[in-house]
Amino acid sequence: MSELDCRMLYRQAFCDPDTKFEDKLFKNCFSYCKTHEENGHTVSMLFALPCEICGEKGKKSAVYIYAAATHSDYRGKGIMTGLIESVKSSADTVFLVPEKAELIPFYKKLGFCEFNIAGYRKNDKYVNLTGGFIPLSRGEREDGGYERRAMYYSRVKQNLDGMYFPYSMLV
């Protein structure tokens with residue numbers, strides 16, 4: 001797995017001009033990057049960031065998938081499905097924030113359910129990052145917060161609506 005390949009794939013997929021954020025992401029989270037390689041190059045990647053979901057029933061370990069990307073020449077071949085299935089097999093709960101609404105049907109096919117996350121007020125449902133890396137939030141929006149659709153997979157149905165999650169890397 002080449003960090004340079006992963007950075008190039010990240011740039012292709014997300015067109016993110018914020019190189020300071022990219023540097024921070026790769027410096028602090030690259031050890032959590034899962035990849036698929038073809039012909040010696042990374043063609044698909046995601047960050048599987050360990051965390052815990054805290055709520056009225058205590059704390060449960062989970063994984064937050066961030067920056068899931070597949071090179072455009074390799075899409076539709078099941079590569080990302082394989083990476084996500086690998087993460088699902090090693091975690092009780094997995095969640096993510098789709099980059100685009102068009103990706104929701106793809107995640108639903110993999111067993112994910114939709115819910116709303118909140119980034120403006122801490123409540124009885126919230127996420128703590130547990131992997132020893134620093135939070136990667138780009139900060140709250142000018143209006144003081146956000147609410148956004150997210151998706152989760154769990155072996156046990158959960159109500160995560162309104163979960164406080166200030167680490168969504170939203171611009």
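The values are calculated or read from the model by the stated rules, or taken from the named source; none is laboratory data. On a predicted model such as this, the values are computed, not experimentally measured, just so you know. Using ideal geometry, Cβ is built from the backbone for each residue, glycine included, and neighbour counts are taken over all protein chains shown.
This table checks each residue for (1) surrounded by 16 or more Cβ atoms within 10 Å (Cβ to Cβ); (2) at pLDDT below 95; (3) of a type in the set (D, E, K, R).
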| position | (1), (2), (3) |
| --- | --- |
| Ala48 | yes, no, no |
| Lys59 | no, yes, yes |
| Ala68 | yes, no, no |
| His71 | yes, no, no |
| Asp92 | no, yes, yes |
| Pro105 | no, no, no |
| Gly111 | no, no, no |
| Ile117 | yes, yes, no |
| Gly139 | no, yes, no |
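The residue list Glu52, Glu102 contains one member that is of a type in the set (D, E, K, R), under 24 Å from Ser154 (Cβ atoms) and in a helix (DSSP H, G or I), which is Glu102. Residue count for the range 4-46, restricted to those that are surrounded by 13 or more Cβ atoms within 10 Å (Cβ to Cβ), in a helix (DSSP H, G or I) and of a type outside the set (Phe, Trp, Tyr): 12.
Conditions (1) more than 19 Å from Asn128 (Cβ to Cβ); (2) out of contact with any Gly (no Cβ under 8 Å at 6 or more places or on another chain), marked per residue:
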residue: Met1; (1), (2): yes, yes
residue: Cys51; (1), (2): no, no
residue: Cys54; (1), (2): no, yes
residue: Ile79; (1), (2): yes, yes
residue: Asp92; (1), (2): no, yes
residue: Pro105; (1), (2): yes, yes
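Against the condition closer than 19 Å to Leu160 by Cβ, of a type in the set (A, V, I, L, M, F, W, C) and in contact (Cβ under 8 Å) with a residue 24 or more places away in the chain, how does Val87 come out, does it pass? Yes; evaluated as a whole, the condition is true for this residue. Considering only residues in the range 86-105 that are of a type outside the set (Gly, Ala, Ser) and over 14 Å from the mean Cα position of the chain (by Cα), the one that is nearest to Ile53 (Cα to Cα) turns out to be Asp92.
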